[in-house]
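Input: a single structure, listed below in structure tokens.
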Amino acid sequence: MIKMGLIGCGRIASKKHTEAVIKNSDIVELTAVCDIVKENAEKLADIIEKSGLKRPLVYTDYNEMTEKEHFDFVTIATESGKHHDISMDVMKKNINVLTEKPMALSTKDMDEMIDFSEKNGLNLGVCFQNRFNPPVQELRKKIENGDFGKLFHGQISIRWNRNIDYYKQAPWRGTWSMDGGTLMNQCTHGIDLLIWTFGGEIEEISGKIANFNHPYNEAEDFGSAVVKFKNGCIGIIEGTADVYPKNLNETLSVFGENGSVVIGGLAVNKIETWNFQNESGHPFQNLPDPETVYGEGHVPLYKDFISSLNENRKPLVDGREGKKAVQAVLAIYKSSEENKIIKFPFDFSTDEMKYYL
């Protein structure tokens, strides 16, 4: 039985990480939880206990928790801007880490996390759970089997709504030091899928960002970009939190020599177009939307990460994979700020955007 701890007991932790723990309770035990707001940690512990599992211990200091308890891994679900520092503190105690996205807010911090984990034989995983969506897995099979023939181009569109009430829930949201904007917070899942689909290696990005409707935020509520991959494919990114009056859809479109696929729904959860030679449809065209845009991928993501520890292998979304979408967003920021195409590799941080919008 793998033993884990959880740092950060807010919105995503109480909704999706508890679900992942409960549904993987045959292979993992959540033994302790931590939040600087003790009430949040107690509420999360209540959820675990009410599911019929052993109640985890409650802490308000993650250093104290990781010193007193034994963990095979710790999940980090705090504010985005704290992921790097907490991950490094935990890994320095020889504990594996699974962190919510984005893994950090600068290329330097991401590289430090990756280098430390690899040099010390630790698993560093990142929560890009949409890779595990059944339609996305079906698309992946077609990519790996070569059924598209030559890939040409694709697009990820995230058309959601985030209103003032969402940002009032947590003042760190929409700030450059702790979050970034819509691209970094809401859109990295979709951007990860686009990059994963088209080979993972970016040559250059040209992007623009704007804040159309959230004057109380420092960062963007809209972003767009053209991505040139090293294999010659072209990707288009469109992300917004301005859709009236509620979340509309998240759609991944992929076009190649012998295939066309569009996966849409609320959160890339439903096949809308599926055309290959001798195939003009797919059973997953009838899948329902999930209850929230978080989807249901945390459960299989946890299973994969836990299996990676037992099997002494890297998780599907390790640090190097987790870096790619964040690096793409940073390139869009840098491109918009400097009004030029950004060649890879480069160094950048959201802190460099503080006076841009």
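The values are calculated or read from the model by the stated rules, or taken from the named source; none is laboratory data. Since the model is a prediction, treat every value here as computed from it, not as a measurement. Cβ coordinates were reconstructed from backbone atoms using ideal geometry, including for glycine residues, and neighbour counts include every protein chain displayed.
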Failed item, numbered, when Leu30 is tested on (1) out of contact with any Pro (no Cβ under 7 Å at 6 or more places or on another chain); (2) within 21 Å of Gln129 (Cα to Cα): (1)
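Residue-by-condition table, conditions (1) free of Cβ contacts under 8 Å to residues at least 12 places away in the same chain; (2) of a type in the set (Lys, Arg); (3) assigned by TED's automatic domain parsing to the domain that holds Tyr167; (4) within 29 Å of Leu330 (Cβ to Cβ):
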residue: Lys54; (1), (2), (3), (4): no, yes, no, no
residue: Thr60; (1), (2), (3), (4): no, no, no, no
residue: Met65; (1), (2), (3), (4): no, no, no, no
residue: His84; (1), (2), (3), (4): no, no, no, yes
residue: Asp109; (1), (2), (3), (4): no, no, no, yes
The stretch 129-154: number of residues that are more than 22 Å from Ile234 (Cβ to Cβ) and part of a loop (DSSP other than H, G, I, E, B): 1
Of residues in the stretch 321-340 being among the basic types (Lys, Arg) and under 13 Å from the mean Cα position of the chain (by Cα), the one farthest from Thr75 (Cα to Cα): Lys324
Within the stretch 187-207, tally of residues that are in contact with an Asp or Glu (Cβ under 8 Å, 6 or more places away or on another chain) and over 23 Å from Leu248 (Cα atoms): 2
Residue within the stretch 224-232 that is closer than 24 Å to Gly146 by Cβ, of a type in the set (Gly, Ala, Ser) and outside any strand (DSSP E or B) present: yes
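If you go through the stretch 279-300 one residue at a time, do you hit one that is over 24 Å from Val227 (Cβ atoms) and part of a strand (DSSP E or B)? Even if it seems obvious, please write down each step before you answer.
The initial filter retains those residues of the stretch 279-300 that are over 24 Å from Val227 (Cβ atoms), namely 279-292, 294, 296, 298-300.
Within this subset, residues satisfying the condition of being part of a strand (DSSP E or B) are 279.
Checking the stretch 279-300: at least one residue is over 24 Å from Val227 (Cβ atoms) and part of a strand (DSSP E or B).
Only one of Met184, Met178 is in the same structural domain as Asn231 (by TED's automatic domain parsing), under 16 Å from the mean Cα position of the chain (by Cα) and in a loop (DSSP other than H, G, I, E, B). Can you tell me which? First the steps, then the outcome.
Numbers: Met184 fails: in a loop (DSSP other than H, G, I, E, B).
Result: Met178 is the single residue among Met184, Met178 that is in the same structural domain as Asn231 (by TED's automatic domain parsing), under 16 Å from the mean Cα position of the chain (by Cα) and in a loop (DSSP other than H, G, I, E, B).
Could you tell me whether Lys208 is over 24 Å from Val317 (Cβ atoms), part of a strand (DSSP E or B), among the basic types (Lys, Arg) and in contact (Cβ under 8 Å) with a residue 24 or more places away in the chain? Step through it out loud before you land on a result.
Values: over 24 Å from Val317 (Cβ atoms): yes; part of a strand (DSSP E or B): yes; among the basic types (Lys, Arg): yes; in contact (Cβ under 8 Å) with a residue 24 or more places away in the chain: yes.
Criteria met by Lys208.
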Residue, surrounded by the fewest Cβ atoms within 10 Å (Cβ to Cβ), within the stretch 52-108, restricted to residues that are closer than 27 Å to Gln169 by Cα and basic (Lys, Arg): Arg55
Scope the stretch 223-246; condition out of contact with any His (no Cβ under 7 Å at 6 or more places or on another chain), within 24 Å of Glu321 (Cα to Cα) and not small (Gly, Ala, Ser); matching residues: Val226, Val227, Lys228, Phe229, Lys230, Asn231, Ile236, Ile237, Glu238, Thr240
